[in-house]
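Peer 1: After the structure tokens below, expect a handful of questions from me.
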Amino acid sequence: MSEILEAPIQEVPVQQEQNRREKNKTATREAIAQAAVDLLRAKGLGGFTVENVADAAGISRRTFFNYFPSAEAAIVSSTESFLDLAIEKFRERPLDEPILDAAQNALIALADPMHLATIAEVYSLTGQHDVVGRLQLEIWNDCTDKIIDAAKPRFGADTDELYVRALVGSVISCGKAAMEVWFARHGATIDETSLRELRTLIIQAIKHLGEGFARPEPQPHN
């Protein structure tokens with residue numbers, strides 16, 4: 001009987017150790033990303049090296065490359081983290097909720113200054129950089145596949161693949177369009193007013209999609 005009871009007792013520390021390691025990895029990744037953004041803010045893109053990021057994060061150069069292939073990749077990881085969190089919120093929405101409502105509500109849950117400030121700042125400080133632009137595009141494309149996977153439980157097995165991909169791709173495009181319009185209006189200005197407008201633009205973009213892009217009524221001039 002004692003031998004039968006020993007196995008579960010031994011499994012607990014192993015699981016705890018695995019959880020601890022994952023938390024440490026996540027913390028290290030976040031520390032590297034934050035260090036990269038801090039240096040971006042202080043010195044501008046191209047004004048620092050991987051070694052600078054590693055030193056600021058309190059890690060070795062070798063450890064840095066265990067997490068990111070370049071300083072640019074560390075910078076844009078804030079976008080990836082934001083989108084991953086948005087997908088997580090999307091998965092938490094009721095399965096019987098219309099998909100566009102679920103997408104909008106997931107974004108509303110994240111569209112506050114705390115979540116938007118970093119991603120908006122990175123976008124404003126790197127928007128004209130080719131390398132970072134390509135990395136951002138890769139992240140958005142990868143997000144499309146992740147959302148398709150998250151959306152599948154909401155559709156029947158016989159749902160047309162084209163319908164799903166076109167719908168999800170449209171949602172992603174709405175998010176990107178909101179960022180582009182926001183950047184054109186505000187540039188590097190990151191404050192409560194500009195972030196509030198970014199939140200509004202994201203919500204409006206999804207609303208336009210849900211309404212079939214019916215032409216909005218012109219706003220009266222004062």
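Since every read-out is calculated from the coordinates, none of them should be taken as a lab result. Please read these numbers as outputs of a predicted model, since none were measured by experiment. Every residue, glycine among them, receives a Cβ derived from its backbone with ideal geometry; neighbour counts consider all protein chains shown.
Peer 1: If you average the alpha carbon positions of segment 148-173 and of segment 19-37, how far apart do those two centres end up, in angstrom?
Peer 2: One Cα centre to the other: 32 Å.
Peer 1: Kindly state, to the nearest 0.05, the FRET efficiency for Ser170 paired with Glu192, given R0 = 41 Å and r defined as their beta-carbon distance.
Peer 2: Working: r = 30 Å, r/R0 = 0.73.
Using R0 = 41 Å, I get an efficiency of 0.85.
Peer 1: Same structure, new question: Residue by residue through segment 170-184, what is 3J(HN,Hα) from phi via Karplus (6.51 cos²θ - 1.76 cosθ + 1.60, θ = phi - 60°)? Round to whole Hz and write x for glycine and proline.
Peer 2: Going residue by residue, I get 5, 4, 4, 4, 5, x, 5, 4, 4, 5, 5, 5, 4, 5, 4 Hz, with x marking Gly and Pro.
Peer 1: Would you kindly calculate the mean projected area, averaged across all directions, of the convex hull enclosing the Cα atoms of segment 52-169, in square nanometres?
Peer 2: Taking a quarter of the hull surface, the average projection is 8.9 nm².
Peer 1: What's the local net charge at Ile148, with K and R +1, D and E -1, over the other residues with C-beta under 12 Å away?
Peer 2: Computed value for this residue: 0.
Peer 1: Report, in debye and to the nearest 20, how large the dipole of the chain comes out about its Cα centre when Lys and Arg carry +1 and Asp and Glu carry -1 on their Cβ.
Peer 2: 520
Peer 1: Would you list which aspartates and glutamates come within 12 Å of Lys152, measuring only between C-alpha atoms, while excluding same-chain residues fewer than 8 positions from it?
Peer 2: Straight-distance partners of Lys152: Asp160, Glu161.
Peer 1: Based on the mean of other Cβ atoms within 10 Å per residue, sort peptides 98-105, 47-54 so the most packed one is first.
Peer 2: Details: 98-105: 19.1, 47-54: 16.8.
So the peptides 98-105, 47-54, ranked by packing, come out 98-105, 47-54.
Peer 1: Can you list the lysines whose alpha carbon is less than 18 Å from that of Lys23, not counting same-chain residues fewer than 8 positions off?
Peer 2: none
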